[in-house]
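Colleague: Dropping the structure in here first, questions after.
Any read-out appearing in this document is the output of simple, stated calculations on the displayed coordinates, not a laboratory observation. Just so it is clear, the model here is predicted, and its values are computed rather than measured. Every residue, glycine as well, gets a Cβ built from its backbone with ideal geometry; the counts of neighbours run over all protein chains shown.
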Amino acid sequence: MAKRIFDTSYLIRHWRTFPKKTERTPENFRSWSERLIAQHGSRRIVTPVYIEMVAGVTSSDELKLAHAYLDPFEIVDEGKIPKGDWDEAKCMAQRVAPKGGKRQLGDCLVRAVAKRLNCEVLTLDTGFPGR
Amino acid sequence: MTTISFYRQMRVDGGKRTGVEIDGETVLERFESGSESEDSALLWFVDIRCSGADLPSETEAARKWLLDHASLIEAGVRHVANELGAGIDFSTPISRKIPNAGKGVTVEICCSAIRRLHARDIAKALDEIGSHWKEFLKQLEVLEPLAR
């Protein structure tokens, strides 16, 4: 799949646009994420995105839906984030955008892993500082 | 069934990545750096996704197949560019099949703007691909397995 990694903001927006008239079952949520994957030509996420998505649920029923939704994605770092990625994330965390705004751990890590893997990030976050 | 996908995508920092995948694995790639203010957030992408039982699965053969089908793909890309230029709804990714791709072969153009770009901006990107198709393909470097 193309070198694109979904970040949490992107998945959350997609999750929230699940059709209201469709029954909220694990099967349908899985189909919903498969559709996103097909449209974007990528199934790549990283561990922090998986954790942030799961951490956002508020009930056991919703957790089942989240697991089904996330199942088709590939966690490209395989849960192994080397020191170099943490160092890069630390550098990113210390950048301040001209308009200010705080950086989040997850965003910094996603970008650090993406950089190591020569990938781009599918994100809705517009406040992340470049360098 | 073999799949060959050509992709070109642009980052917020202006960097552009162009590549070819065979069965989901990147085998050819080129990255054009953007500004010094590095930002890997994606601005847009264009994919040309080809599938068929008789498509080549070897790197240089896939490049040759894409070059051999330049006329078909260039025309298809320009057609989608014209459609976008006319101002169609571009709030979600779009995909269009190129007709007459050959027996048992499907060629599909998929594109999306991640940020709020106008359809006309993507039309320009498609025009660029249509105008430089062979050049883009020839410039791609073979990726060694470890670099993929």
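Colleague: Taking each residue of B:100-113 in turn, how many C-beta atoms of other protein chains fall within 10 Å of its C-beta, and what is the average?
Modeller: The per-residue average across the peptide is 1.
Colleague: How much space per residue, in cubic angstrom, does the convex hull of the C-alpha atoms of chain A take up?
Modeller: Taking the convex hull of the Cα positions in chain A, it is 112 Å³ per residue.
Colleague: Using a 10 Å cut-off on Cβ to Cβ distances, tally the other chain neighbours for every residue of B:33-43 and report the average as a whole number.
Modeller: Rounded to a whole number, the mean comes out at 6.
Colleague: Tally Lys/Arg at +1 and Asp/Glu at -1 over every other residue whose Cβ is under 14 Å from the Cβ of A:Thr47; what's the total?
Modeller: Cβ neighbours under 14 Å give a net charge of -3.
Colleague: If each Cα of the range B:75-131 is one equal point scatterer, what is log10 of I(q)/I(0) from the Debye formula at q = 0.21 Å⁻¹?
Modeller: -0.75
Colleague: A further question follows. Over the range A:64-131, calculate the relative contact order: mean separation of alpha carbon pairs under 8 Å at least 6 apart, over the residue count, as a percent.
Modeller: It comes to 34 percent, rounded to a whole number.
Colleague: Continuing with the same structure: Using a Gaussian network for chain B with springs between C-alpha atoms less than 10 Å apart, which of these wobbles most: B:Trp133, B:Trp65, B:Trp44?
Modeller: So, out of B:Trp133, B:Trp65, B:Trp44, the one fluctuating most is B:Trp65.
Colleague: Under 8 Å for C-alpha pairs, at least 6 residues apart: give me the relative contact order for the range A:1-126, rounded to a whole percent.
Modeller: That works out to 37 percent.
Colleague: Now for a different question. Over all directions, the average projected area of the alpha-carbon convex hull for chain B comes to how many nm²?
Modeller: For chain B, the mean projected area of the Cα convex hull comes to 8.7 nm².
Colleague: Among A:Val57, B:Val107, which comes first, second and so on when ranked by fewest other beta-carbon atoms within 10 Å?
Modeller: Least crowded to most crowded, the residues run A:Val57, B:Val107.
Colleague: Express in whole angstrom the spacing between the alpha-carbon centres of the range A:65-131 and the range B:82-138.
Modeller: 28
Colleague: Among A:Met53, B:Met1, B:Met10, which comes first, then next, by fewest other beta-carbon atoms within 10 Å?
Modeller: Going from sparsest to densest Cβ surroundings: B:Met1, A:Met53, B:Met10.
Colleague: Quick one: give the max-minus-min coordinate of the C-alpha atoms of the protein assembly as shown along each principal axis, largest first, in Å.
Modeller: Per principal axis, max minus min of the Cα coordinates gives 51, 47, 39 Å.
Colleague: Which whole-number percent is the relative contact order of chain B (Cα, under 8 Å, 6+ apart)?
Modeller: 27
Colleague: I've got another one for you. Based on other C-beta atoms within 10 Å, arrange B:Val80, A:Val76 from fewest to most.
Modeller: The most exposed by this proxy come first: A:Val76, B:Val80.
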